[in-house]
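Notes follow the structure.
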Amino acid sequence: MKIYPYLQIASVLRATILRGDYAPGQRMPPIRALAQREGCNPATVQKALKVLEKQGFIVSRGSKGYFVIESEQKIIELRNQDLNTLTKMFLEKLYELGFSNAEIVKLFDRIDT
């Protein structure tokens with residue numbers, strides 16, 4: 001399954017925002033710098049940033065560039081949405097492989113915290 005480069009870049013940038021590498025309200029690196037770092041065309045980065053803007057992770061301030069949203073609470077909500085999505089996918093895969101609820105609980109019990 002081929003994933004378009006702009007979606008790969010959007011995914012990487014989304015993870016950096018959710019991880020806290022960019023603080024709420026912080027300016028994102030310029031498009032050209034991101035393109036150079038990712039080894040792609042600036043238009044590909046622009047498309048990735050538009051995806052993140054549509055998803056609510058960043059906002060455009062015209063010629064000033066793109067900025068991470070100001071609300072730390074909203075970033076936490078977005079992070080929790082990703083967690084819920086990944087957890088659901090993980091559990092669905094375990095059920096698909098034939099694991100029972102009891103076996104799944106045992107798997108989590110074995111994880112050291």
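Observations
- Mean shadow area of segment 5-68, taken as a quarter of the surface of its Cα convex hull (nm²): 3.7 nm²
- Only helices enter the 222 nm calculation for the chain: every DSSP H run of n ≥ 4 contributes -39,500 (n - 2.57), and dividing by all residues gives -20500 deg cm²/dmol, rounded to 500.
- Here the average projected area of the convex hull drawn through the C-alpha atoms of the chain stands at 9.2 nm².
- The value obtained for segment 45-98, namely the Cα convex hull volume divided by the number of residues, is 78 Å³ per residue.
- Axis angle, to the nearest 10 degrees, between helix 101-110 and the longest C-alpha principal axis of the chain: 70 degrees.
No value in this document is a laboratory result; all are computed from the given coordinates. Source: prediction; values computed, not measured.
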